[in-house]
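Got a structure for you, questions after.
The values are calculated or read from the model by the stated rules, or taken from the named source; none is laboratory data. A quick note: this is a predicted structure, and the numbers were derived from the prediction, not measured. Every residue, glycine as well, gets a Cβ built from its backbone with ideal geometry; the counts of neighbours run over all protein chains shown. When the accessible area is computed, the model is the full protein with side chains, heavy atoms only, and any ligands, DNA or RNA have been set aside. Shrake-Rupley method; radii C 1.70, N 1.55, O 1.52, S 1.80 Å.
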Amino acid sequence: MTDPAPSRHPRGRATIRDVAALAGVGIKTVSRVINHEANVSVGTREKVEQAVMALKFTPNQGAGALRRGDRKTLTLGLLLDAVDNPFSAAIHRAVEGAAWERQTAVFGASFGDDPDRERALVEAFTRRRVDALVLTTISEDHTYLQTERDQGVPVVFVDRPPRGLEADTVLTDNRHASATAVAHLLAHDHRDIAFLSDDLDVATARERYLGYTETLQDAGVLPGPVVTGVLSVEAAYEAVRDLVTGPRRPTAIFTSQNLVSIGGIRALHDLGLHHEIAMVGFDDLFLADMLEPALTVVAQDPAEMGRTAAARVFARLDGDDSPAVTSVVPATLVVRGSGEIPPAH
């Protein structure tokens, strides 16, 4: 059989009509072939498949979903704070890996802790009729998602809990993990422990701050210097430099977010104080074990968080209609050296 010659389509992508015309069949026949339906002869199927290849035709998944009747587009919307943050990137990779096994594509975006951008991106996902949403968010109110929930779109929150909406959620026990870090410093005789954090309006930061203050209170120790609203590596560098060169230099620092830890490490090294002031960070860092001293951290497991979130999404898509659940992925204290430096005074 002679292969059909490809035609040119200066207007853009080939359509199902183009395939039908080239194969010499009807549109419904093309639809049956690309949706793997029965009642198509071998010869006709071959002609359509050759036309598809010749035209490099890509079926419209949304239209295919309507024809199949399951309305699934085989896509997920994934919203994260910042895709360049290693924590977010690990979640993304895990969700994408699980989705790949289900022949599902992931549309990923980041909102940079901007609630307006968060909502706009979620609306962009829903306009594209994604099958489900996996969301890290910053908004104070998530009732705007209720319409999607009512229409049967699964929504899973990861890292930060929803507000005003019952939904599956995957979290770290931030308060307990923070308490573990502070207790570790207390066990090494530190009584002047500084706390550096991003915005306390963010649920994770707020929980880590509570873990810090409650652990000190339980030990009968006053809080050390507290610096919040640290939103970048550069801001963290300046904050730590000001702390350790000021009139009340702490003996230890707890940095409650990975980018804050990076800035803090740089400041201590530049000032030659990295062997004098202890540090424990929240979140592990790439090559943290290669530093001198190596960084002691409370390590979350973002990959497991992503896998758990994806599992909840696909369970819902497969028909699980049980009440919303909160899954807690534990964090682990990784002792490496920086958190074990004794107080210098």
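In region 32-72, which residues are at pLDDT 85 or above, in contact with a helix residue (DSSP H, G or I) (Cβ under 8 Å, 6 or more places away or on another chain) and either of a type in the set (Gly, Ala, Ser) or assigned to a loop (DSSP other than H, G, I, E, B) (or both)?
Once the filter is applied, which keeps residues that are at pLDDT 85 or above, in contact with a helix residue (DSSP H, G or I) (Cβ under 8 Å, 6 or more places away or on another chain) and either of a type in the set (Gly, Ala, Ser) or assigned to a loop (DSSP other than H, G, I, E, B) (or both), region 32-72 yields VAL40, ALA51, ALA54.
Please work out if ALA181 is over 19 Å from GLY306 (Cβ atoms), open to solvent by 20 Å² or more (accessible area, probe 1.4 Å) and aliphatic (A, V, I, L, M).
no
Let me ask something additional. With ARG149, ARG206 as the choices, which residue is part of a helix (DSSP H, G or I) and under 19 Å from the mean Cα position of the chain (by Cα)? Before you say what the answer is, go through the steps one by one.
Values: ARG149 fails: under 19 Å from the mean Cα position of the chain (by Cα).
Of the residues listed, the single one that is part of a helix (DSSP H, G or I) and under 19 Å from the mean Cα position of the chain (by Cα) is ARG206.
Taking into account only those residues within region 275-289 that are modelled with pLDDT under 95 and at negative phi, which is most open to solvent (accessible area, probe 1.4 Å)?
Checking each candidate, the answer is PHE286.
Another question, then. Just need a number here: residues in region 157-182 that are part of a helix (DSSP H, G or I) and farther than 20 Å from VAL335 by Cβ.
Looking only at that region, the number is 1.
Checking ASP113 against (1) part of a helix (DSSP H, G or I); (2) touching a residue at least 60 places away in the same chain (Cβ under 8 Å); (3) open to solvent by 50 Å² or more (accessible area, probe 1.4 Å): exactly one of these is not met. Which one?
The one condition ASP113 does not meet is (1).
Another one. I need a count of the residues in region 256-274 that are in a loop (DSSP other than H, G, I, E, B) and open to solvent by 10 Å² or more (accessible area, probe 1.4 Å).
Count: 5.
Is it true that some residue in region 127-136 is open to solvent by 20 Å² or more (accessible area, probe 1.4 Å), in a helix (DSSP H, G or I) and modelled with pLDDT under 90?
Yes, because at least one residue in region 127-136 is open to solvent by 20 Å² or more (accessible area, probe 1.4 Å), in a helix (DSSP H, G or I) and modelled with pLDDT under 90.
If I ask for residues that are within 23 Å of HIS188 (Cα to Cα), at pLDDT 95 or above and part of a loop (DSSP other than H, G, I, E, B), which ones from region 225-255 would you list?
PRO225, PRO250, THR251
Just the residues that are crowded, with 24+ Cβ neighbours inside 10 Å and small (Gly, Ala, Ser), please, taken from region 290-330.
Residues satisfying the conditions are GLY306, ALA309, ALA310.
If we scan region 209-218, do we find a residue that is small (Gly, Ala, Ser), modelled with pLDDT under 95 and open to solvent by less than 60 Å² (accessible area, probe 1.4 Å)?
no
Residues checked against (1) part of a helix (DSSP H, G or I); (2) among the polar types (S, T, N, Q); (3) at pLDDT 95 or above; (4) in contact with a helix residue (DSSP H, G or I) (Cβ under 6 Å, 6 or more places away or on another chain):
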position: GLU292; (1), (2), (3), (4): no, no, no, no
position: ARG307; (1), (2), (3), (4): yes, no, yes, yes
position: VAL313; (1), (2), (3), (4): yes, no, yes, no
position: GLY339; (1), (2), (3), (4): yes, no, yes, yes
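Name the single residue, out of those in region 73-99 being open to solvent by 20 Å² or more (accessible area, probe 1.4 Å) and over 25 Å from SER232 (Cα atoms), that is modelled with the lowest pLDDT.
Restricting to residues being open to solvent by 20 Å² or more (accessible area, probe 1.4 Å) and over 25 Å from SER232 (Cα atoms), the top hit is LEU74.
So if I check each of ALA278, ALA288, ALA267, which one is under 21 Å from TYR212 (Cβ atoms) and touching a His at 6+ places or on another chain (Cβ under 8 Å)?
Just a single option satisfies the conditions, and that option is ALA278.
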